[in-house]
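Structure first, commentary second.
The values are calculated or read from the model by the stated rules, or taken from the named source; none is laboratory data. Please read these numbers as outputs of a predicted model, since none were measured by experiment. A quick note on method: Cβ atoms are made from the backbone with ideal geometry, for glycine too, and the neighbour counts reach across all protein chains shown. Surface accessibility is based on the protein's heavy atoms, side chains included, excluding ligands, DNA and RNA. Shrake-Rupley method; radii C 1.70, N 1.55, O 1.52, S 1.80 Å.
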Amino acid sequence: AAEFLSEHGWLSFTPPDFRDKVLKRIELHKFEKGQTVYRAGDEPGGLWAILEGGVEIAGASPGAVPHLIHFAVPGFWVGEAPLIYGVRRIVTVTAARPSKLATLSLEKGREILEEDPGAWRWVALLSSMTTDLAIGVVADLLLRDPVKRTAALLMRLSGMRSLVFPAKSPSPIN
């Protein structure tokens with residue numbers, strides 16, 4: 001898990017000392033297809049990273065029906081909002097197939113930030129990566145040509161769509 005997360009996704013963009021602090025505190029969990037990692041509205045919790053498999057991320061505006069927002073593949077991190085400002089979960093994350101995930105609990109994440117206030121920079125990086133993804137999702141949905149929209153989706157799923165945070169190598173799409 002440590003080697004994979006050091007080379008893929010958010011942690012691969014962070015310095016080794018911060019990365020090591022996170023990797024020493026993560027816990028591994030397995031999820032079956034359809035099992036919920038967490039639901040929108042749940043109490044605040046920690047960060048989650050996909051190691052194997054994949055998850056569906058669904059969300060909704062207040063009073064609306066939830067819709068699939070993104071399908072996340074190995075290397076993807078989710079769940080930083082509670083760490084940043086203590087809010088309840090804002091999306092639902094569900095295993096799309098048998099999956100292995102790593103979690104950094106809210107308490108352990110806060111411990112890192114209390115020990116090293118400069119580490120907030122790396123949490124801000126994760127939030128920027130999430131914002132970049134959200135803007136990309138919206139931009140892709142606005143493509144009228146279904147061939148271009150599908151190509152954009154496949155590039156996003158492979159981690160190669162972002163101009164700001166491109167993956168170091170493409171992720172496989174199952």
Probe 1.4 Å, accessible area per residue of the chain, Å²: 55
Of the trypsin sites (Lys or Arg not before Pro) in the stretch 112-166, those whose Cβ has at most 16 other Cβ within 10 Å and which sit in DSSP loop: 144
Centre separation in Å (Cα based) which lies between the stretch 126-174 and the stretch 54-79: 14
Net charge of neighbours whose Cβ lies under 11 Å from the Cβ of residue 122, counting Lys and Arg as +1 and Asp and Glu as -1: 0
The stretch 35-107: trypsin sites (Lys or Arg not before Pro) in DSSP loop, at most 16 other beta carbons within 10 Å: 39, 88
Under Karplus coefficients 6.51, -1.76 and 1.60, residue-wise ³J(HN,Hα) of the stretch 39-47 in Hz, glycine/proline x: 10, 4, x, 4, 4, x, x, x, 7
C-alpha long axis of helix 146-157 to longest principal axis of the chain, angle in °: 10
Partners for residue 108 among lysines (Cα-Cα distance below 26 Å; same-chain residues under 8 apart left out): 21, 24, 30, 100
Tail fraction, Cα-Cα pairs, the chain, threshold 22 Å, whole percent: 43
CD proxy at 222 nm, helix term only [per DSSP H run n ≥ 4: -39500 (n - 2.57); per residue of the chain; nearest 500]: -11000 deg cm²/dmol
The stretch 46-100: GluC sites (Glu not before Pro) in DSSP loop, at most 14 other beta carbons within 10 Å: none
Packing rank of 109-118, 8-17, where each peptide gets the mean count of other beta carbons within 10 Å, highest leading: 8-17, 109-118
The stretch 1-111 - percent of accessible surface contributed by carbon and sulfur, probe 1.4 Å: 54
Charge-dipole axis of the chain as Lys and Arg at +1 and Asp and Glu at -1 on Cβ define it, positive-most pick from 150, 31, 62: 150
Kirkwood-type radius of the stretch 69-149, with distances r between different C-alpha atoms, in Å: 14.8
